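Structure first, commentary second.
Quick note: the coordinates plus some simple rules give every number you see, no bench work behind them. Source: prediction; values computed, not measured. Note: ideal-geometry Cβ built from the backbone for every residue, glycine included; neighbour counts use all protein chains shown.
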Amino acid sequence: MRLLDRGNYVRNGSSAYMDSPQSIGHDVTISAPHMHAAALEYLEAYLRPGMRALDLGSGTGYLTVAMMLMVTEGGNQDGAAFGIEYVEPLVPWSIDNIRKDGKGHWFDNPGSFMVKSGDGSKGWAEKGPFHAIHVGAAAPKVPKPLVDQLACPGRMVIPVGPRGGSQELLLVDKDVAGNVKTRSVMGVRYVPFHMDGTEPYTA
Ligand code: SAH
């Protein structure tokens, strides 16, 4: 997180470094730094150099960049990170943020770094499978396509629960044999994740 500047990813620079979420318009927020840090720590073993990451609800672009920095650490060329954001106008803004932060050259290689608009609950099968999947908004249920797109082994960090209600941060782990286990690590509060028409995962 020291390798990127949160000041390039917020609307109001004067509160960029406060440990709280901030509005980025469209009724959504950039997560607080401690939540970004928690997500990255839970995913650390799946963000080693050369691994593949997917960030759903990429918003400002901040966490997609943090993941890309980890999977390409030491100049690794195989590492890849992709973001999908539902609110279309946020995508060009996030691309500007990433350029301002000095990472614009990553867009020269769309095979390893890309941000697009769309419904992230479907995942991005063509770019998978992914060792690490991060969902940045609270889903009513775990979307099945995302579990399908996890690598063996792989981990997804996803807040699950009703809008404005009791939500939990879940770790969905797929082992080398493809077995899936889910556990809750903490209570959280996130904006809603859309998954209209996407099949939920059932164990
Ligand atoms: N990690 C981001 C979080 C932004 S808030 C950041 O810190 O900048 C969560 C984002 O999820 C919002 O921008 C919201 O528009 C987006 N979102 C909600 N449902 C989505 C979906 N189905 N697919 C992609 N993005 C979604």
| Residue by residue, what Karplus-based ³J(HN,Hα) values in Hz, rounded to whole numbers, does the stretch 116-125 have, using 6.51, -1.76 and 1.60 with θ = phi - 60° and x for Gly and Pro? | 9, 8, x, 8, x, 5, 8, x, 8, 3
| request: In whole Hz, with x marking every Gly and Pro, tabulate ³J(HN,Hα) for the stretch 11-21 from phi via Karplus 6.51 cos²θ - 1.76 cosθ + 1.60, θ = phi - 60°. | output: 7, 10, x, 5, 10, 4, 9, 7, 7, 8, x
| query | Amide H of residue 29: which non-local residues (sequence gap of 5 or more, or other chain) have their own amide H closer than 5 Å, using H built in the peptide plane? | reply | 24
| said: Cross-link candidates for residue 127: which aspartates and glutamates have Cα within less than 13 Å, leaving aside residues fewer than 8 places away along the same chain? | reply: 55, 78, 148
| In terms of Cα to Cα distance under 19 Å, which lysines are near enough to residue 100, apart from those fewer than 8 places away along the same chain? | 116
| field | Cβ-derived FRET efficiency at R0 35 Å, residue 109 paired with residue 189, nearest 0.05 | value | 0.45
| request: Grab the beta carbon distance between residue 203 and residue 14, set R0 = 45 Å, and tell me the FRET efficiency rounded to 0.05. | output: 0.45
| message | Given 10 °C and 1.306 mPa s, compute D for the stretch 92-187 with the Stokes-Einstein relation, Rh being the Kirkwood radius over Cα pairs; round to the nearest whole µm²/s. | response | 107 µm²/s
| query | For the chain, what is the relative contact order in percent, using Cα pairs closer than 8 Å and at least 6 residues apart in sequence? | reply | 17 percent
| remark: Full extension between residue 73 and residue 148 adds, at 0.36 nm per residue less the Cα distance, a length in nm of 24.3 nm
| What is the gain in length, in nm to one decimal, between residue 45 and residue 100 on full extension, counting 0.36 nm per residue of separation less the C-alpha to C-alpha distance? | 16.9 nm
| What fraction of the Cα pairs in the chain, stated in percent, has a spacing above 26 angstrom? | 25 percent
| Which of 87, 157, 185 has the fewest Cβ neighbours within 10 Å, and the rest in rising order | 185, 87, 157
| request: Any chance you could list P(r) for the stretch 104-150, counting all Cα-Cα pairs in 10 angstrom bins from zero, rounded to whole %? | output: 22, 52, 22, 4
| request: Let me know the Kirkwood hydrodynamic radius for the stretch 1-93, please, with Cα pairs as the basis and the value in Å to one decimal. | output: 13.6 Å
